[in-house]
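The values are calculated or read from the model by the stated rules, or taken from the named source; none is laboratory data. Keep in mind that this is a model prediction, so the values were computed, not measured. Here the Cβ positions follow ideal geometry from the backbone for every residue, glycine too, while neighbour counts run over all protein chains shown. For accessibility, only protein heavy atoms count, side chains too; no ligands or nucleic acids. Shrake-Rupley method; radii C 1.70, N 1.55, O 1.52, S 1.80 Å.
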Amino acid sequence: MTSPALFQPLRIGDLDLANRIVIAPMCQYSAENGCMTDWHLIHLGQLALSGAALLTIEATAVLPEGRISWADVGLWDNATETAMGHVLDSVRRWSPIPVAIQLGHAGRKASTEVPWAGGAQIPPGDPHGWQTQAPSPIGFNERDNAPIALDRDGLTRVRDAFGAAAKRAATLGLDAVQLHGAHGYLIHQFLSPLSNRRDDDFGGSLENRMRFPLEIFDAVRAAFPAGKPVTMRLSGTDWVEGGWDIDQTVAFAQALERRGCSAVHVSSGGLHPAQQIPAGPSYQVPLARAVKQATHMPVVAVGLITNFEQAEAIVATGDADMIALARAILYDPRWPWHAAAELGAQVVAPKQYLRSQPRQFKTLFGKT
């Protein structure tokens, strides 16, 4: 019997994926001075046993001032690299799942409190705050401390930090790098005309607004092993009149593809508080479909994908090549097992859990 589309294998560069289910990066706000802690071992460890094809480490700052919050994970020095290495060593001891990392810089959305403490921006001078940087001196909210516009030296420092973090990711043996170009963070801030008001070579026209994001991509692609994928997460639209939209997203995706981008993950929003998001099941899938129809790269769809048949339809119809899970897999860390059982497919389970296979699904667990 033919396996469901959701459980067909896929090869991206030198990376073999067992199925089309990706665990999206999810910030945990539980690091200490950028260093992963035991919480990350618990969090990533349980997800590594989920049966998904790829596990992605949360948004990881390439510079201390690039953290979304003071409790974010970083990869900018030996201490942060060593801490991440300890977590990865433990996860790999018990799971063969490929692991990717999302590298990012929060730009004007940096220096915030952790979500469960309100998530508001923390001003410079506070023990947990710092001066933010961005393409232009425009805050995300009117009440925010305005960011400083990056000058040429600042741009070089940020670009080189992305490349240096990619080298550290290679040293750690990570299987892929995703650049965070979505949700209103620095790369997205350069792309959108709502946040980029520069009058130099990095602002104005679409070509100019894409220039620095493409420089970052090139630096990371050059620093990471050639056969390993470098991908980008994009916001397909700002959901604001006059902002970044799907046509510009397609143009950017095509430029990335020409530079050797391995895949794109299409999300949306996050750049402007005036956004009007029509949230609902699969509401971002049309954005992924538009990018897929205009490029030859694998495309990942995300956003309120919770139902097994819904996920199967997205892949089977060709709207996207993969689906990414975030909140849904936190709520149900065995979502891929349950999807396989429902759709008549197989997953690989740890030998320690083989006895949990339900009687009615006698072939659910494949060979380990």
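Just a few scattered comments:
- Selection status of Ile68, under 17 Å from the mean Cα position of the chain (by Cα) and open to solvent by 10 Å² or more (accessible area, probe 1.4 Å): yes
- Matching residues in region 27-53 - criterion: being within 16 Å of the chain's Cα centre (by Cα) and either farther than 20 Å from Ile97 by Cα or open to solvent by 20 Å² or more (accessible area, probe 1.4 Å) (or both): Cys27, Gln28, Tyr29
- Any pair with Cβ under 6 angstrom, 6 or more apart, that starts in region 55-71 at a residue that is more than 18 Å from Ala134 (Cα to Cα) and ends at one that is part of a strand (DSSP E or B): Leu55/Ile23; Leu55/Val99; Thr56/Ile23; Thr56/Ala100; Thr56/Gln102; Ile57/Ile101
- Scoring Lys167 on the criteria (1) of a type outside the set (Gly, Ala, Ser); (2) assigned to a loop (DSSP other than H, G, I, E, B); (3) open to solvent by 10 Å² or more (accessible area, probe 1.4 Å) leaves a single failure, condition (2).
- Checking region 241-256 against the condition returns a match, with at least one residue being in a loop (DSSP other than H, G, I, E, B) and surrounded by 24 or more Cβ atoms within 10 Å (Cβ to Cβ).
- Search result, residues across region 213-240 that are open to solvent by less than 40 Å² (accessible area, probe 1.4 Å), farther than 28 Å from Asp16 by Cβ, in contact with a Ser or Thr (Cβ under 9 Å, 6 or more places away or on another chain) and not hydroxyl-bearing (Ser, Thr, Tyr): Asp238, Val240
- Residue within region 235-245 that is without any contact (Cβ under 8 Å) to a residue 12 or more places away in the chain and under 21 Å from Ser195 (Cα atoms) present: yes
- The residue that is surrounded by the most Cβ atoms within 10 Å (Cβ to Cβ), among those in region 88-127 that are of a type in the set (S, T, N, Q) and farther than 18 Å from Glu142 by Cβ, is Gln102.
- Top-ranked residue in region 90-109 [being in contact with a strand residue (DSSP E or B) (Cβ under 6 Å, 6 or more places away or on another chain) and not in a loop (DSSP other than H, G, I, E, B); ranked as farthest from His43 (Cα to Cα)]: Arg108
- Any chance Val266 is surrounded by 15 or more Cβ atoms within 10 Å (Cβ to Cβ) and within 16 Å of the chain's Cα centre (by Cα): yes
- Looking across region 342-368 at every residue that is outside any helix (DSSP H, G or I) and touching a strand residue (DSSP E or B) at 6+ places or on another chain (Cβ under 9 Å), the one that is most open to solvent (accessible area, probe 1.4 Å) is identified as Gln346.
- Among the residues making up region 271-301, those that are open to solvent by less than 40 Å² (accessible area, probe 1.4 Å) and either of a type in the set (S, T, N, Q) or not in a helix (DSSP H, G or I) (or both) are Leu271, Gly280, Ser282, Gln284, Thr295, Met297, Pro298, Val299, Val300, Ala301.
- Selected residue (criterion: farthest from Trp239 (Cα to Cα)) from residues of region 302-326 that are free of Cβ contacts under 8 Å to residues at least 40 places away in the same chain, open to solvent by 50 Å² or more (accessible area, probe 1.4 Å) and not hydroxyl-bearing (Ser, Thr, Tyr): Glu309
- Taking every residue in region 99-122 that is acidic (Asp, Glu) and pairing it with any residue that is open to solvent by 10 Å² or more (accessible area, probe 1.4 Å), at least 6 positions away or on another chain, the pairs with Cβ-Cβ distances below 6 Å are Glu113/Gly119; Glu113/Ala120; Glu113/Ile122.
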